[in-house]
Amino acid sequence: MNDERITVGITVNGVTHRAVVEPRTLLVYFLREQLGLTGTHVGCDTSQCGACTVHLNGRAVKSCTIFAVQADGAEITTIEGLARDSALHPVQEGFREKHGLQCGYCTPGMIMSAVHLLQANPRPTDAEIKHALEGNICRCTGYVNIVEAVKWAAERMRGDHVSR
């Protein structure tokens with residue numbers, strides 16, 4: 001067995017981390033086990049469920065499909081990195097306001113995929129939202145409130161909502 005280890009430098013949520021990893025260490029396990037960022041969930045280990053979705057250099061990716069060594073030099077944003085100055089990101093707030101979660105297991109991945117969508121498309125249709133989230137599986141909600149949460153967040157991010 002090869003005991004080779006590799007040093008990586010990965011910026012996660014704005015903080016650069018240098019760590020020694022085995023070449024086979026998946027990014028999701030690096031985030032959870034070495035950095036203690038457990039908001040990124042391991043759902044299936046086969047890239048089917050999307051619970052492990054993070055942003056890698058601005059793209060939504062399933063972190064169970066990427067080795068930590070492949071992320072060397074990259075910028076990663078996890079669910080923990082979305083909130084700013086203790087204020088939830090509008091998509092996080094939308095999931096709370098529109099009841100877009102039940103058990104919460106898929107929620108971090110759903111939110112990360114939705115944020116990526118809204119960065120590229122601030123006015124998505126229901127069909128575009130559903131398409132953007134089709135790589136994320138929820139076994140609890142039926143998706144209606146998830147779509148409503150993303151639409152709610154899109155309005156706030158554009159400044160289209162009316163305060164009450």
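Every number in this text was worked out from the coordinates using simple rules, so none of it is lab data. Only a predicted model underlies this, so the values are computations on that prediction, with no experimental measurement involved. Because the Cβ atoms are built from the backbone with ideal geometry, glycine has one as well, and the counts that use them run over all protein chains shown.
A few comments on the model shown:
- Within the range 48-149, the trypsin sites (Lys or Arg not before Pro) that combine a DSSP coil assignment with at most 12 other C-beta atoms in a 10 angstrom radius are Arg139.
- Overall Cα dimensions of the range 90-157 - principal axes, largest extent first, Å: 27, 22, 17
- Span from the the range 7-25 Cα centroid across to the the range 120-137 one, whole angstrom: 30 Å
- Cα-based shape type of the range 1-88, given that a ≥ b ≥ c are square roots of the gyration tensor eigenvalues and the cut on a/c is 1.5: oblate
- The chain - Kirkwood radius from inverse mean 1/r over Cα pairs (Å): 16.3 Å
- C-alpha long axis of helix 144-158 to longest principal axis of the chain, angle in °: 90 degrees
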